[in-house]
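Visitor: I'd like to ask some things about the structure below.
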Amino acid sequence: MGLFGGEKTPEAPNRSKRERCWESRDIFFKCLDRIDVVNPLDKSLQGKISKNCSKEDAQFQKDCVASWVKYFKEKRPFDIKKEKILREAAEQQANARIDK
Amino acid sequence: MMLRPLFRPAKRDLRFITRGFSLSRMTLNELKSNDPKPEEEAPKMKRKPLSRLPVGGPDYSKQTLKKNPIEFLTWKAVVVFVIFGSALTYVFTNEKEKLKLRREAEQNRGMGKPLIGGPFNLIDTDGKPFTQENLKGKFSIIYFGFTHCPDICPDELDKLGLILDGLKSKHNIELQPIFITCDPARDSPEVIKEYLKDFHPSIIGLTGDYDEIKKCCKNYRVYFSTPRTIKPGQDYLVDHSIFFYFMDPEGEFIDVLGRQYDAEEAIDKIKSNISVYQPRAEREKAKAGWLGFLYK
């Protein structure tokens with residue numbers, strides 16, 4: 001395969017691998033929820049995370065490739081923020097309906 | 001002042017004429033009515049001119065209403081009205097919707113050079129060439145992604161499977177689904193083939209060399225951030241746009257479907273776009289015709 005540099009092609013992640021990765025991610029994030037950590041990349045929180053969720057974190061990093069771990073960790077604060085905004089909007093809508 | 005005497009005699013003449021006429025009619029009736037029941041006819045009031053009826057008098061409505069007026073409010077008339085009305089409403093809203101969709105599609109196609117789409121030269125998972133010519137003859141849906149995509153692409157490709165199955169079972173529509181990688185360095189035909197095994201079996205996976213993919217992404221306005229050279233085994237993610245591109249059987253762009261659509265909504269949108277689709281020649285004919293102003 002001249003087109004692709006002749007290197008052995010990296011294995012594409014398949015469904016079962018993806019699902020295993022997502023599962024480990026969810027377990028790790030649940031642990032973060034328990035200790036009220038929003039941003040797992042926050043430097044000041046590293047001690048707290050490693051104290052409480054090091055096992056989950058290790059599993060997460062084992063089941064997902066490094067780029068995904070980084071991606072999911074970066075995404076978490078945004079997802080939480082988004083969820084919060086959506087929840088607030090829904091509540092406001094519900095309240096507005098009651099006011100009527 | 002001068003006109004008055006002129007008009008008076010004319011008026012008087014008219015009165016005489018009418019009276020003479022009615023008198024003659026009466027005499028005619030009398031002549032004919034030699035039947036045995038003249039009393040029954042008598043109590044029935046003869047029609048008087050309206051001007052002679054006292055308004056609000058007891059016989060006013062009897063006198064003014066015709067015996068058998070054409071009735072507009074019969075149940076038949078109501079049924080006919082409702083059926084006719086709803087049929088017309090349906091036809092017009094339907095046509096309006098069609099026109100709207102066609103106009104949108106036309107705007108998306110753009111004038112002259114298409115805004116989105118265009119020639120590309122890629123290879124499928126069997127290494128066979130695949131170009132824009134392969135889009136012809138079928139409605140296609142194109143998705144750009146990469147196999148190492150963490151969460152969005154797999155979700156979207158699963159959704160694509162639902163869309164394809166839904167269109168097939170509900171409307172008997174078969175699209176040509178195409179997956180184009182934005183990550184040619186890692187996604188060889190073999191890798192894509194392996195990757196697509198997890199998804200709908202009809203999806204065609206495409207890759208190509210770096211510059212061809214880059215050009216193709218540019219033509220489809222897909223944000224492309226893949227590094228040109230990577231060390232083997234290097235791990236990275238690719239930022240890319242996440243739309244389904246819906247293409248007509250002439251290989252021209254119709255619409256995008258973003259992530260906000262769930263499978264059902266996407267099916268409806270695709271179905272309605274297909275049902276209003278006209279080939280280019282027909283579109284141009286319609287535009288040149290007497291209803292052409294509707295397309296502007």
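Visitor: How many of the residues making up the range B:251-265 are touching a residue at least 40 places away in the same chain (Cβ under 8 Å), closer than 17 Å to B:L101 by Cβ and in a loop (DSSP other than H, G, I, E, B)?
Guide: 1
Visitor: Ok, one more. A:S54: among the small types (G, A, S), more than 14 Å from every other protein chain (Cβ to nearest Cβ) and without any contact (Cβ under 8 Å) to a residue 60 or more places away in the chain, yes or no?
Guide: Values: among the small types (G, A, S): yes; more than 14 Å from every other protein chain (Cβ to nearest Cβ): yes; without any contact (Cβ under 8 Å) to a residue 60 or more places away in the chain: yes.
Answer is yes for this residue.
Visitor: So, one more: Report every pair of residues separated by at least 6 positions or lying on different chains whose Cβ atoms are under 9 Å apart, first residue within the range B:189-211 and more than 8 Å from chain A (Cβ to nearest Cβ), second basic (K, R).
Guide: Pairs that qualify, where the first residue is more than 8 Å from chain A (Cβ to nearest Cβ) and the partner is basic (K, R), are B:F199/A:R15; B:G205/B:K193; B:Y210/B:R228.
Visitor: Continuing with the same structure: Going through the range B:220-241 one residue at a time, which ones are modelled with pLDDT of 70 or more, crowded, with 17+ Cβ neighbours inside 10 Å and more than 11 Å from chain A (Cβ to nearest Cβ)?
Guide: B:Y220, B:V222, B:F224, B:T226 - these are the residues of the range B:220-241 that are modelled with pLDDT of 70 or more, crowded, with 17+ Cβ neighbours inside 10 Å and more than 11 Å from chain A (Cβ to nearest Cβ).
Visitor: Still on this structure, please answer the following. Output the number of the condition that A:L86 fails; it satisfies all remaining conditions of (1) modelled with pLDDT under 85; (2) within 14 Å of another protein chain (Cβ to nearest Cβ).
Guide: Checking A:L86 against (1) modelled with pLDDT under 85; (2) within 14 Å of another protein chain (Cβ to nearest Cβ), the one that fails is (1).
Visitor: Something else: Based on this model, can you work out whether B:H171 counts as loosely packed, with under 15 Cβ neighbours inside 10 Å and either touching a helix residue (DSSP H, G or I) at 6+ places or on another chain (Cβ under 8 Å) or modelled with pLDDT under 90 (or both)?
Guide: In short, yes.
The values are calculated or read from the model by the stated rules, or taken from the named source; none is laboratory data. These numbers were taken from a predicted model, which means no experiment stands behind them. In this analysis, Cβ positions are derived from the backbone assuming ideal geometry, glycine residues included, and neighbour counts consider all displayed protein chains.
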